[in-house]
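A short write-up of the structure that comes next.
The values are calculated or read from the model by the stated rules, or taken from the named source; none is laboratory data. Since the model is a prediction, treat every value here as computed from it, not as a measurement. Every residue, glycine as well, gets a Cβ built from its backbone with ideal geometry; the counts of neighbours run over all protein chains shown. Just the protein is used for accessible areas: all its heavy atoms, side chains included, with ligands, DNA and RNA removed. Shrake-Rupley method; radii C 1.70, N 1.55, O 1.52, S 1.80 Å.
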Amino acid sequence: MLESVNLSLRVSKEDYKLQIEELYIRMGELQRKAWKMQIPIMMVFEGWHASGMDTIINRCMLAFNPMGLRFHVTVKPNDEESKKPMLWRFWQKIPAYGKIAIFERSWYSRAIIEHFDRRSKYNGLDHCMREINYFERQLTDDGYLLMKFFMHISQEEQAKRLREYEKKDIPVSVVNEELDYENEYENYFSVIDEVIGKTHFQHAPWTIVEAENLNHATLKILSTALEMMEQHINSKLESKCLLPDPKRIDNFRPSSPGLLNADLSLMMEDEEYEQEKDLYQKRLGELQYELFREKRPVVVAFEGWDAAGKGGNIRRIAEKIDPRLYKVEPIGVPNDYEKSHHYLWRFYRRVPEAGHITIFDRSWYGRVLVERAENFCKDDQWQRAYQEINEFEETLTDFGTIIVKFWLHIDKEEQLRRFQSRERIPDKQWKITPEDWRNREKWDIYLKAVDDMLLRTDTDYAPWTVVESNDKRYSRIKTLKTLVDTIEEHIR
């Protein structure tokens, strides 16, 4: 793509002045429309050093109301960021619905700098491109408008500008950042060209900007952005006018093998339970320090029926491990700020750093369970969530995260017994709410959702374990044993 770019394009000062004010006015109008329609917008700027990116971005930012705008400069990862997957720090910065985020350098620069190895040429880079494509597609599926611009200049022009910067004592970078491919134009040219080609899609296209003339570059970016914003806004308006499809695309499959094969009569006596519990808790404590030494993060996700014993199982996991190396994340109803982002946003923020364990008391699977069963999201949203969740978990495991997922399974009669017990015992009454009884009335609806979830998100890298939980002792030991066995398998 880069080799065919005509870098001789120019716009005079007079023509620039004639066009820029009109573009600013139109851009302001579209920003207000996007805000009213709650459309989030992301503008990504990449390019060669000395391509004039800072000047061009500043000119573009003047077109927007700063109240709805955030500007992010991407530099070396800090200590916390280096202990998380590469995309983690960018998920933190995605704009809320109706807002605009501008990135001066982005996940692309970091992928190239952090994963390009001259000796093996593409060591790790293909993995990064796959994860970036997941990331961008998930955002655009959620209604985000993503615009990507690459500021292109020739090697000769770059060398000329760098000499001028040196003469005038102008820093190439005003942040504490390595100057990555400043003097490596030839080595990086083919890599950047291939990265652009592998991440250029209709939903997230690249625009190559001829940047040897700043006036031309600025006008091209603003004109392109205007056209894309208009198209995106019009498509949203048109989609609201379409009648909804009355058919639900459920495609329910037969009950998952995990639920069909679950033997809920399994039990464990007290003496055996205490012995097994001590054995696995001790081993888990040892493994926790091995994980820390090897910098392997662990995600433990608990899902299950109301009153299935998630809290008790979590307590048995946490009982004998170092509190400095784990945390429990109870997941409830998203707040208003969390609702103003992609639904995975609040979970990416909670993933563990290298060497730590995070236990989720309910998780991202709420999208395909509660939100689906209660119609809190649209059909197409929960239907595409299976793929999004698998990609999310793949991104974590690519980083080295060990994922252990439990569905705590009880039958309807056992749930009723536990509900009634909670109502009778004063110390447990806080555990039972009218919401629990209401959910119970939708048992069959939830059962279909659980079947689909287990079938569609059981992967080699993040498999499900169905835990027979009518007997709490058996349930707790199976959970502890599965967690210990899984960690041992990954760190051998």
| said: Cβ-Cβ distance below 8 Å, separation of 6 or more or different chains: which pairs start in segment 463-476 with a residue that is free of Cβ contacts under 8 Å to residues at least 60 places away in the same chain and end on one that is outside any loop (DSSP other than H, G, I, E, B) and open to solvent by less than 50 Å² (accessible area, probe 1.4 Å)? | reply: P463/K405
| Residue match in segment 203-215 (condition: closer than 30 Å to A449 by Cβ and either of a type outside the set (K, R) or modelled with pLDDT under 90 (or both)) | yes
| task | Take segment 189-219 and flag every residue that is surrounded by fewer than 17 Cβ atoms within 10 Å (Cβ to Cβ) and among the hydroxyl-bearing types (S, T, Y). | result | S190, T207
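Given E114, E104, which one is in contact (Cβ under 8 Å) with a residue 12 or more places away in the chain and touching a Ser or Thr at 6+ places or on another chain (Cβ under 8 Å)?
Working: E114 fails: touching a Ser or Thr at 6+ places or on another chain (Cβ under 8 Å).
Unique residue meeting the criteria: E104.
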| Considering residues of segment 350-380 that are within 19 Å of R324 (Cα to Cα) and of a type in the set (A, V, I, L, M, F, W, C) only, the residue surrounded by the fewest Cβ atoms within 10 Å (Cβ to Cβ) | A354
| request: Could you list, in sequence order, all residues of segment 220-238 that are at pLDDT 95 or above and either under 10 Å from L145 (Cβ atoms) or open to solvent by less than 10 Å² (accessible area, probe 1.4 Å) (or both)? | output: I221, L222, A225, L226, M228, M229, Q231, H232, I233
| request: Among the numbered conditions (1) in a loop (DSSP other than H, G, I, E, B); (2) free of Cβ contacts under 8 Å to residues at least 60 places away in the same chain; (3) under 30 Å from E164 (Cβ atoms), tell me where A63 comes up short. | output: (2)
| What number of residues within segment 75-92 are open to solvent by 60 Å² or more (accessible area, probe 1.4 Å), farther than 15 Å from H356 by Cα and basic (K, R)? | 1
| K93 is checked against (1) within 19 Å of the chain's Cα centre (by Cα); (2) outside any loop (DSSP other than H, G, I, E, B) and fails just one. What number does that condition carry? | (2)
| said: Take the residues in segment 239-265 that are surrounded by 15 or more Cβ atoms within 10 Å (Cβ to Cβ), in contact with a helix residue (DSSP H, G or I) (Cβ under 9 Å, 6 or more places away or on another chain) and not in a helix (DSSP H, G or I); name whichever of them is modelled with the highest pLDDT. | reply: L264
| remark: Those residues of segment 302-329 which are of a type in the set (D, E, K, R), in contact with a strand residue (DSSP E or B) (Cβ under 7 Å, 6 or more places away or on another chain) and surrounded by fewer than 17 Cβ atoms within 10 Å (Cβ to Cβ) amount to K327
| task | Any chance you could count how many residues in segment 147-171 are surrounded by fewer than 22 Cβ atoms within 10 Å (Cβ to Cβ), in contact with a helix residue (DSSP H, G or I) (Cβ under 6 Å, 6 or more places away or on another chain) and either among the β-branched types (V, I, T) or not in a helix (DSSP H, G or I) (or both)? | result | 1
| Residue that is nearest to the chain's Cα centre (by Cα) [pool: residues in segment 136-179 that are modelled with pLDDT under 75 and closer than 17 Å to F90 by Cβ] | E177
| task | From the list I57, I41, I20, pick out the single residue that is modelled with pLDDT of 95 or more, hydrophobic (A, V, I, L, M, F, W, C), within 26 Å of I192 (Cα to Cα) and in contact with a helix residue (DSSP H, G or I) (Cβ under 8 Å, 6 or more places away or on another chain). | result | I41
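In the list Y365, Y343, which residue meets the criterion of being part of a loop (DSSP other than H, G, I, E, B), in contact with a Lys or Arg (Cβ under 9 Å, 6 or more places away or on another chain), under 23 Å from V450 (Cβ atoms) and hydroxyl-bearing (S, T, Y)?
Step by step, each of Y365, Y343 is checked, and only Y343 is part of a loop (DSSP other than H, G, I, E, B), in contact with a Lys or Arg (Cβ under 9 Å, 6 or more places away or on another chain), under 23 Å from V450 (Cβ atoms) and hydroxyl-bearing (S, T, Y).
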| query | For residues in segment 325-340 being among the hydroxyl-bearing types (S, T, Y) and not in a helix (DSSP H, G or I), which is nearest to Y144 (Cα to Cα)? | reply | S340
| Scanning for something in contact (Cβ under 8 Å) with a residue 40 or more places away in the chain and closer than 30 Å to R89 by Cα, does segment 440-447 turn up at least one residue? | no
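Okay, residues lined up against (1) touching a residue at least 60 places away in the same chain (Cβ under 8 Å); (2) within 17 Å of T457 (Cβ to Cβ); (3) within 19 Å of the chain's Cα centre (by Cα):
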site: L325; (1), (2), (3): no, no, no
site: E338; (1), (2), (3): no, no, yes
site: R362; (1), (2), (3): yes, yes, yes
site: R384; (1), (2), (3): yes, yes, yes
site: Q387; (1), (2), (3): no, yes, yes
site: V404; (1), (2), (3): yes, yes, yes
site: W407; (1), (2), (3): yes, yes, no
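Yes or no: segment 11-28 includes at least one residue that is open to solvent by less than 90 Å² (accessible area, probe 1.4 Å), within 26 Å of Y165 (Cα to Cα) and not in a helix (DSSP H, G or I).
The initial filter retains those residues of segment 11-28 that are open to solvent by less than 90 Å² (accessible area, probe 1.4 Å), namely 11-12, 15-16, 19-20, 23-24, 26-28.
Now drop any that are not within 26 Å of Y165 (Cα to Cα), which leaves 11-12, 16.
Going one step further and asking which of them are not in a helix (DSSP H, G or I), we end up with 11-12.
Within segment 11-28 (the criterion being open to solvent by less than 90 Å² (accessible area, probe 1.4 Å), within 26 Å of Y165 (Cα to Cα) and not in a helix (DSSP H, G or I)), the answer is yes, since at least one residue qualifies.
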